[in-house]
Every structure is written in structure tokens, then in C-alpha cells.
Amino acid sequence: MRILIFPGMGATKEMYRKLISHHPKIVGCDWPEISPDDDFQSLAKKCIQEFKITENDIVAGCSMGGMIATEIFVKAKCKKLILIGSCLHPSAVPLKSLSLWGSKLLNPSLFKIFSRFVPLSLEVKSSLLSRPDFVKWSLGALHRWNGVASLEMNNVHIIHGRLDLLIPLWNVKANQVIDSGGHLIALTHAKTVADFIKVVSESE
């Protein structure tokens, strides 16, 4: 059984470096190459093929990575799904209606310039702000995503930050809440998230 974790919007698997240090059995996955016509469903299929995901695997993801992990979970009939500050349906994202405009207005060159002045550590910048082209695609794909209508929740496990503004806590049914956590709990509360994943992966 593998635990495969997918990064958030515009991020790489480097965002999980600290998380994986607390739970080395977690495998960080970077995104396969995409085309402009791809959506979350087709990217999920590419991930299944790229990483040879089967029903014996656990899939997880933060933010947008969790949304695509949800699609992977359904398509590959995976053992378990772990959402880290993520959701099963776009109705949980209040700003989803603005994502289409964001995809049209985002300029990758300006994004790179802007990222230089964001007051984050080099590690965070390299993992979260390294793919402006992917962010542009992701915003458009999020606008088109319909989510998952019905799901057997016994195998779905959600950890969420109480202070998450992008996906508010009241829009999800979290199994565990981090009171001081915002949207990026995989970075800010890596040990707590790793412990949650460990408990979920070892439970029947």
C-alpha cells in the first residue's frame, strides 16, 4: 500500500518536504504534463497512468491537489482518500466564481515578478510559486470542475484549518480540525498532518 500525495495549485511536491520528513512512507507526486484542453478529470487519468495507481493505494492532496486526488480516488477505486485543506465539491470554494477571470487575467511573466516580492521563505516560494503557467490552467480547470456528487464517506478522511479562508471550515465535514491552521496546514502544521495521515493509513 502506497500513500501518494499531490500538491496544491501551482505547487510541486517540494511543498511536502517537511511533511514527508515526519512520515517517510508518504510519496510526493509532481504533476504530469498537461495540455490546454485538460481538466481535473483528465489530469486525474494521467496521474493514474503516470504513477500506476491502483485500488491498493491511498491518495491525498492539499487544496487543488485534494480535488484531483478525489477524482483519482473515484476513478481508480483507491483504498482511501485524505483531503488536507481541500474539498469534494466546488460549492465549498466561495471564490470559485472568480477563477475563470483569474485564468484569463493572469500573466505568467508578471506572476514571476510578483512572486519575488512575496514575503515567504525560499522553500515555500520554490514549492508554491514555481508554476505560473500551471496556476493559469488550474484556475480555468477549477471553474469547469463539477466535483463529486456522491461518495462513500467511510474511506474519505479530511483534516482542515479552522482559519481557512479559501475553503471555509463550515463548507466541509472535517474529521480533524486544526484550530490555529489556515489554508496551508500541510506546510504550517506538517507534524499534525503527518500524524493524521499515519492514523488514517494504519486504521482498518
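Nothing in this text is a laboratory measurement; each read-out follows from the coordinates by a stated rule. Keep in mind that this is a model prediction, so the values were computed, not measured. Backbone-built Cβ (ideal geometry, glycine too); neighbour counts: all protein chains shown.
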Residues HIS22 and GLU55, FRET efficiency given R0 of 22 Å [Cβ-Cβ distance, rounded to 0.05]: 0.25
Distance histogram for the range 22-62 (every C-alpha pair counted, 10 angstrom bins, percent rounded to whole numbers): 24, 54, 20, 3
Entries of LYS13/LYS136; LYS136/LYS173; LYS13/LYS191; LYS136/LYS191; LYS45/LYS80; LYS46/LYS77 with Cα pairs more than 20 Å apart: LYS136/LYS173; LYS136/LYS191
